[in-house]
Structures are given as structure tokens and as C-alpha cells.
Amino acid sequence: MKFCNFHCRSHLRVGAITGDHVVDLAAAAAEFRNLKIDPELFHCVDCLFYFPKAVTAARKLVNAAAALQKRSPKWFIPLAKVRYGPPAPNPSKVLCIGQNYVDHCKEQGVPLPAVPELFCKFATSIIGSGEPILLHKATTKVDYEVELAIVIGKAGKNIPAAKAFDHVFGYTIFHDVSARDLQFASKQWTRGKSPDTFAPTGPWLVTRDEAPDPHSLAIKTWVNGDLRQNSNTCNLVFGVPALIEFLSQTITLEPGDIIATGTPPGVGCFRKPPVFLKPGDVVRMEIAGLGALENPVAAET
Ligand code: ZN
């Protein structure tokens, strides 16, 4: 299943993608009364993470909707008309991993890390696909980083690697926007990594059954149509099970939490000469099977 969180007037609604349309799940549940699905199951996207029956119910609604496509009801929305919000907007934490691609470490001339390098972002950094990345007045060196993100579906502490996938709800694309001047001004990276809007995610969430091997996905970034990052998640130093085992040794992972797994080579600050984002740029990121995350860049006013 592919789930999204989309804008409808002043609020966000939960959708499931089928072909080139989104099914508004609460509205479809109200329409297909014979299926006896409570529309409140889709009150917000977090319901998907906490109630496994919501995913089962969504599958039934998508199947029912597929049979009715020609009627074009209001709850069946062409993808081209959808304005996305972030698919996992309320994590208790956003855990990010640095130096986690073999080819990115080579690019910087640094050895592979012995343990995952952990830093954090905040929920106030999160935006959806299409929403603008703000260039804050405090920085002049804002850079892009495409990353595969894990979204947790089942809480856990001390999760062994062999059981890690049981705790994964799904995957999405994560843009680890980074203010390099602030990041490297001190030993702690948080200030440069956590400004508002510095965590675009989306466009949607792909459940783990639809991405059975997260370690063989093409991963790319374009800035204004120019290909800047081009690698594959097979180059991850620490893969999904190793990261979940490591993080959950000290931190309880909770439904809706996001783990960003690090970026491949090609970021702006290591280019010669270095290049940074400017107002009017458009950053497009793709990971095979996970869609495309696209955000314009704007100056803070
Ligand atoms: Zn990163």
C-alpha cells in the first residue's frame, strides 16, 4: 500500500494511492457503508501506525474504489491535483544517521564509521512534497541530501536485527537539508540540521511489503534538472536491521518515528567548487519504488 497525507481546505486527510489517483479513505468509508468500516479509523495518518486494522480496511476500500473509477466521485482525486502534507508528521523523534554510505565516505576521504553516527532533527523541520524549503537568514550555505527513511510501525526496545523488519511500517524519501555553515561551526550538528522546513518527506509512505528489499534501491537528486546524487542503497554501511538494533538499544522506537539512513555522494559542499541552494531552486529526489519528493527553495521573509 501507498499512503499519503493530503491538504483539503484547511486540514489534512489520509489517502491511499491507486494508479494515478488518491482515495480519500474516510470519505470512501462513508460511501461504502456495506463494508462496515468506521471513517474515524482514518481520522489522521497516525491511526495507520497505531491500528493495523486501518491498513487492512484501507486495502478493502481501495479495491472497492477501483471498481467505481468511471464515476469520478469527489473522494477519488487525480494525483496531479493533490497537495501533499508530510506522510509521517508527528514523530516522537527524527533519528538521523551520518556517514552511512560507503561511496559518501570515500568522497570525503574519511574511514567507514565503526558505529552509526547519530544526530537528530525535530518535528518542526518536517514538511511535505511541494512545500517550500526556507533559506533562513542565519545561514548562507544550505545543502541537499537525499535519504531513505524508515517509518516505525510497532514500538520496541532492544530489537534484535533479526526481528527489525517486524517494527517497520514502511519507507519514504527524506531530504536531510543541511546548513553547512551552522553544522560545522561547532562540534554538535543539531543547529545546522534542525531548522524549520529542513526535513521534507514524502510524497507518500510505501508499506514494507511493497519494498521487500530496501537495500537495492536507486537513489537520486536533481537540482533544477541537473543530476547531483546518483547511487544505490546497496552502498549503505549500516542497513535497516543494524540501525534498528543499534538505536533501540537505548531508545524506545515508537509508531510514526522516522529514521533517516544517511546520504550518498554528490552533496553540494563537496563539489568543486562547492554549490549551495538559492531561492527559486527546485530539488527533486527519487528512490526506486518510493516516488519523487520535490520541493522549491525560498528565502525567509
Ligand atoms: Zn544526512
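The values are calculated or read from the model by the stated rules, or taken from the named source; none is laboratory data. A quick note: this is a predicted structure, and the numbers were derived from the prediction, not measured. Ideal geometry is used to build each Cβ from the backbone, glycine not excepted, and the neighbour counts take in all protein chains shown.
General observations
- Some residue of segment 135-149 being β-branched (Val, Ile, Thr), within 16 Å of the ligand (Cβ to nearest atom), crowded, with 24+ Cβ neighbours inside 10 Å and closer than 21 Å to residue 238 by Cα: yes
- Leading residue by the ranking (nearest to residue 55 (Cα to Cα)) among those in segment 157-170 that are buried (at least 19 other Cβ atoms within 10 Å of the Cβ) and of a type in the set (Gly, Ala, Ser): 170
- Exactly one residue among 214, 195 is more than 16 Å from the ligand (Cβ to nearest atom) and not acidic (Asp, Glu), and that residue is 214.
- Test set (1) more than 14 Å from the ligand (Cβ to nearest atom); (2) surrounded by 15 or more Cβ atoms within 10 Å (Cβ to Cβ); (3) at pLDDT 95 or above - residue 261 fails condition number: (1)
- Close pairs (6 angstrom Cβ cut-off, 6 or more residues apart or separate chains): within 14 Å of residue 296 (Cα to Cα) and among the charged types (D, E, K, R) in segment 192-204, within 15 Å of the ligand (Cβ to nearest atom) and in a loop (DSSP other than H, G, I, E, B) anywhere: none
- As a summary of the residue check, residue 151 satisfies the conditions (1) closer than 21 Å to residue 116 by Cα; (2) out of contact with any Phe, Trp or Tyr (no Cβ under 6 Å at 6 or more places or on another chain) except for the one numbered (2).
- Number of positions in segment 181-225 that are over 24 Å from residue 90 (Cα atoms) and crowded, with 23+ Cβ neighbours inside 10 Å: 2
- Single unsatisfied condition, residue 122 versus (1) at pLDDT 95 or above; (2) touching a helix residue (DSSP H, G or I) at 6+ places or on another chain (Cβ under 6 Å): (2)
- Wholly enclosed helices (runs of 4 or more DSSP H) of segment 20-125 bearing at least 2 residues more than 16 Å from the ligand (Cβ to nearest atom) and outside the structural domain of residue 200 (by TED's automatic domain parsing): 25-31, 46-50, 52-66
- The residue list 178, 186 contains one member that is within 16 Å of the ligand (Cβ to nearest atom) and among the polar types (S, T, N, Q), which is 178.
- Out of 80, 54, 30, sole residue that is among the aliphatic types (A, V, I, L, M) and farther than 22 Å from residue 206 by Cα: 30
- Among the residues of segment 270-295, those that are within 16 Å of the ligand (Cβ to nearest atom), farther than 18 Å from residue 121 by Cβ and not in a loop (DSSP other than H, G, I, E, B) comprise 270, 287.
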